[in-house]
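Worksheet: one structure, shown below.
The values are calculated or read from the model by the stated rules, or taken from the named source; none is laboratory data. Since the model is a prediction, treat every value here as computed from it, not as a measurement. In this analysis, Cβ positions are derived from the backbone assuming ideal geometry, glycine residues included, and neighbour counts consider all displayed protein chains.
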Ligand SMILES: [Zn+2]
């Protein structure tokens, strides 16, 4: 299965393209790890979120376009030096 992505599409549009499984994982992760600030509302660390989603996508053996989509939504790093945080737990990123 191939998906064509436009390079200038914004993250919100791209998130809508993610498989339901990953959108659910994203919502759960944000709910578990959200930081509420007066300035920016609720948000979480996108580096950690990206690492978590990449891990879930790999576990499920998702097609490469799903991985590509995650990369486009979150152009920054995945985790922090090989690790990410989830519910105050430090997790090692397992790369294939
Ligand atoms: Zn982080």
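Confirm whether residue 22 is out of contact with any strand residue (DSSP E or B) (no Cβ under 7 Å at 6 or more places or on another chain), modelled with pLDDT of 95 or more and away from the ligand (no atom under 16 Å from the Cβ). If you could, list the steps in order and put the result at the bottom.
Working: out of contact with any strand residue (DSSP E or B) (no Cβ under 7 Å at 6 or more places or on another chain): yes; modelled with pLDDT of 95 or more: yes; away from the ligand (no atom under 16 Å from the Cβ): yes.
So residue 22 passes the test.
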If residue 94 passes every condition in (1) surrounded by 12 or more Cβ atoms within 10 Å (Cβ to Cβ); (2) on the phi < 0 side of the Ramachandran plot; (3) touching a helix residue (DSSP H, G or I) at 6+ places or on another chain (Cβ under 9 Å) but one, which one does it miss?
(1)
Scan the stretch 25-35 for residues that are surrounded by 16 or more Cβ atoms within 10 Å (Cβ to Cβ) and out of contact with any strand residue (DSSP E or B) (no Cβ under 9 Å at 6 or more places or on another chain) and jot them down.
25, 26
Whether any residue in the stretch 80-87 is surrounded by 17 or more Cβ atoms within 10 Å (Cβ to Cβ) and modelled with pLDDT under 95 is what I want to check.
no
